[in-house]
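Novice: Here you go, one structure.
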Amino acid sequence: MIAIKNLERSWKDFNLKDINLTIDRGEYFVILGPTGSGKTLLLELIAGFYIPDTGEIWIDRANVTNITPEERGVGFVYQDYALFPHLTVRENIEFGLIIKKLPKDEIKRESSRMMDLLGITHLKDRYPDTLSGGERQKTATGRALVLKPDLLLLDEPMSALDARTKSGMQDEIKKIHKEAGVTIVHVTHDQTEAMIMADRIGIMMDGRIVQVGTVREIFNMPKDRIIADFVGTENILEGSVTEKIDGLIKINIGSTEISTLSDLETGCKVNALIRPEDIIISREPQRTSARNNIEGVITKIVNLGAIVRIEIDGELVAFTTKQSAEELGLDTGEHIHASFKSTAVHVLKK
Amino acid sequence: MNVRCMHIKSNKNLAKQLKREKLLLLFFFLGLFLVVFVFITLGDMFYRQTGDISALFSAVKDPVVLTAIGTSIAAASLSTLIAFTFGVPLAYLLARKNFIGKSIIEGIIDIPMMIPHVVAGIALYGVLMRSGVIGAPFNMLGFSLIDAFFGIVLAMLFMSLPYLVNTAKEGFKTVDERFENVSRSLGASRSQTFRKVTFPLAFPSIYNGCILTWARGISEFSAVLIVAYFPKSAPILIYERFTSYGLSSSRPIAILFVIICLALFTLLRTSEWRKKR
């Protein structure tokens, strides 16, 4: 569907460097990166708002690198939605249909269908400055989708929404994606949003795509420590390989030892990454498939609502549900056992 | 709550706020100085004329006076139309694109605001006369720009064009480029985007620029005096009556001209507000 080859583009003091990316038809692809990493610029290049300095962009096996935005047929929703302020909701949605010179009755029918689908029919005569964030988001999405594009580009579409509206919109967009079969490229800095929405994720940092993979690959197997930090891998334990037997290695981390699967050799200095949600907290050591068991003292407990964040010996972080924490009667200063499967450990060579 | 009550309430609130905020009070009185200055100057002129209302009615009936005012209005309107036609595209380019020589072009556009009007008149006379750069081709076609209606139009255009270009430029700058990007992603060409998105959004500023251009044009005297004494425009006629017959003869025309201009100006301003959503 989309192939980006050796793309480079400078913008003031910023550079997009050596972007190579393939996105499949019907895929929900999320570009995840910190603010200022060049995500929006990449999206604007795909849309054709700017021409790259070097490299090519292919959409549906056609080289569109030098084709104008209006010829690409790509839908675009900006972070602040960029609704035309001089047009009503209906007029915004009908804008592209009028440009296409469709018959008047078809324009009315299509815009009404889209407003019904998004539940904004009652807002049809309102101007954008009188709408809430969620209503604007729906109008902007409807304006793009009413043209039935094969490709929809979303630039941080939910960053201005409150948690409840955001959750509703996530469901709505996923539903539209599934029903319309449209390919979506969604840019965000929000890891949770990426995790919920994406089929695959591309991590973007400092103008480069540094890792592409499924949600599991990105969050459980980051390619390096910087990506691990960004995707919220709170447990990065430094150690060295002390033993290797049949692909199973033992890593010495200070006073304890953990085992995992890896092809690294004995003596290698490594970082062992464990996601907090993969750690099970218990009063007694676990004797199941969780091969690793670390005993420690709770140094901090933070209530995050439904989830409780527990720090053990000031260096290992685990998440547990509020209910589990209450059942275990956890408190700071108490001895507990943190266990995790060997497959939950991702090893990076230092 | 009716509108009158709301006005009274908002005036009371303003008075309370001014009492609390001493700096605002200071600014209010400083600003009032300018308002009073304009009001007294024009008010005095109107007040003095109340002693001779018949002269004002005579001016209203005088075909020479009406023709001169008509000439001024027509020339200012035409010069505004020309400034709009050529100035809006230039303003868009200056607002949107960076190119070599842009600051030079901006400087050239601002020159008419900086030079004395009589100097502008002399410069215009040089290019518009029969052997001038602009005047010669027109002369070959049998048209003279000196002492001609179109000479007045060009003099007004020269003096007023910076107001339209600069105001429209600022208007275009306020239109977020992302509106244009979205419009193009929805299938609109660059020209469709300009017509349906950029221009309507910048229109309040462009319209304001047109009003300023028109007002600047209709009030032009020195440049018009040198380029086209004839056909007599209103400021030239007022000046001529003043130098030949004194204040009592020129003032009624001046008052009539001010009333008509103010009425037109208010009409234009009001329609601007009506256009604003």
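Please treat every number below as a calculation from the coordinates, not as lab data. All values derive from a computational prediction rather than experimental measurement. When we count neighbours, we look across all protein chains shown, and the Cβ atoms used for this are built from the backbone with ideal geometry, even at glycine.
Novice: Can you compute log10 of I(q)/I(0) for the range A:1-157 with the Debye formula, treating each Cα as one identical point scatterer, at q = 0.09, 0.15 Å⁻¹?
Specialist: So the normalised log intensities work out to -0.33, -0.85.
Novice: Turning to a different aspect of this structure: Throw me the Rg/Rh for the range B:199-277, computed over C-alpha atoms with Kirkwood Rh, two decimals.
Specialist: On the way: Rg = 16.0 Å, Rh = 14.4 Å.
When Rh is taken as the Kirkwood radius, the ratio is 1.11.
Novice: Could you point to the residue in A:P276, B:L237, B:F143 farthest towards the positive end of the protein assembly as shown's charge dipole, with +1 and -1 charges on the Cβ of Lys/Arg and Asp/Glu respectively?
Specialist: After comparing all options, I get B:L237.
Novice: Working from the alpha-carbon coordinates of the protein assembly as shown, get Rg over Rh, Rh being the Kirkwood radius.
Specialist: Details: Rg = 35.9 Å, Rh = 31.1 Å.
Using Cα coordinates only, the ratio equals 1.16.
Novice: By its C-alpha gyration tensor, with a ≥ b ≥ c as the square roots of the eigenvalues, how is the range A:64-183 shaped: rounded for a/c under 1.5, else prolate for a/b larger than b/c, else oblate?
Specialist: Numbers: a/c = 1.45, a/b = 1.13, b/c = 1.28.
Rounded.
Novice: Same structure again: For chain B, what is the mean residue ellipticity at 222 nm derived from helices alone (per DSSP H run of n ≥ 4: -39500 (n - 2.57); sum divided by total residues; nearest 500 deg cm²/dmol)?
Specialist: It comes out at -27000 deg cm²/dmol, rounded to the nearest 500.
Novice: Binning at 5 angstrom from zero up to the longest distance, how are the C-alpha pair distances of chain B distributed in percent?
Specialist: Going out from 0 Å in 5 Å bins, chain B shows 1, 5, 9, 11, 13, 13, 13, 12, 10, 7, 3, 2, 1, 0, 0 percent.
Novice: Pairs A:K166/A:K350; A:K223/A:K341; B:K61/B:K232; A:K39/B:K173; A:K138/A:K178: which are spaced more than 27 Å apart, C-alpha to C-alpha?
Specialist: Cα-Cα > 27 Å for A:K166/A:K350; rest within.
Novice: Which order do A:D116, A:D246 fall in if you start with the one that has the fewest other Cβ atoms within 10 Å? Before the final figure, lay out the partial values.
Specialist: Working: A:D116 11, A:D246 6.
Ascending Cβ contact count within 10 Å gives the list A:D246, A:D116.
Novice: Diagonalise the Cα gyration tensor of the range A:292-350 and give the resulting equivalent ellipsoid semi-axes, square root of 5 times each eigenvalue, largest first, whole Å. Show your work: numbers first, answer last.
Specialist: Values: eigenvalues 92, 35, 25 Å².
Over the Cα atoms of the range A:292-350, the semi-axes work out to 21, 13, 11 Å.
Novice: About its Cα centre, how strong a charge dipole does the range A:2-229 have in debye, to the nearest 20, once Lys and Arg get +1 and Asp and Glu get -1 at the Cβ? List each step's numbers first, then the result.
Specialist: On the way: 31 positive and 35 negative charges, 91 e Å.
Computed charge dipole of the range A:2-229: roughly 440 debye.
Novice: Quick one: Cα convex hull volume of the range B:96-188, Å³ per residue? Write out the running numbers ahead of the final one.
Specialist: On the way: hull volume 14.4 nm³, N = 93.
Hull volume normalised by residue count: 155 Å³.
Novice: Same structure again: How big is the Kirkwood radius of chain A, worked out from every pair of different alpha carbons and given in Å to one decimal?
Specialist: On the way: mean 1/r = 0.0438 Å⁻¹.
Its Kirkwood hydrodynamic radius stands at 22.8 Å.
Novice: In Å and from the alpha-carbon atoms only, list the Rg and Dmax of the range A:249-350.
Specialist: Using the Cα atoms of the range A:249-350, the pair Rg, Dmax is 14.0, 42 Å.
Novice: Hey, another quick one. Assign unit charges at the C-beta atoms only (+1 for Lys and Arg, -1 for Asp and Glu), then state the dipole size of the protein assembly as shown relative to its Cα centre in Debye, rounded to the nearest 20.
Specialist: Approximately 2660 debye in magnitude.
Novice: Along the positive direction of the dipole of the range A:2-229 (beta-carbon charges: Lys, Arg +1; Asp, Glu -1; about the Cα centre), which of A:S111, A:I23, A:I173 reaches farthest?
Specialist: It is A:S111, whose Cα lies furthest towards the positive end.
Novice: Using the count of nearby Cβ atoms within 10 Å as a rough guide to exposure, how do B:F27, A:F95 rank from fewest to most?
Specialist: Numbers: B:F27 12, A:F95 24.
Ordered from fewest to most neighbouring Cβ atoms within 10 Å, B:F27, A:F95 come out as B:F27, A:F95.
Novice: Still on this structure, please answer the following. To the nearest 500 deg cm²/dmol, what mean residue ellipticity at 222 nm is calculated for chain A from DSSP H runs of n ≥ 4 alone, each contributing -39,500 (n - 2.57), summed and divided by the residues?
Specialist: Calculated at 222 nm, the ellipticity per residue is -8000 deg cm²/dmol.
Novice: Loop-only check: which trypsin sites (Lys or Arg not before Pro) in the range A:235-292 are DSSP coil with at most 10 other Cβ within 10 angstrom?
Specialist: Numbers: sites: A:K244, A:K250, A:K269, A:R283, A:R287, A:R291; in loops: A:R283, A:R287, A:R291.
When the trypsin sites (Lys or Arg not before Pro) of the range A:235-292 are filtered for loop state and at most 10 Cβ neighbours within 10 Å, A:R287 remain.
Novice: Taking the Cα centre of chain B as the origin, how large is its charge dipole in debye, to the nearest 20, when only Lys and Arg (+1) and Asp and Glu (-1) carry charge on their Cβ atoms? Spell out each step's value before the answer.
Specialist: Numbers: 29 positive and 14 negative charges, 293 e Å.
Here chain B has a charge dipole of around 1400 debye.
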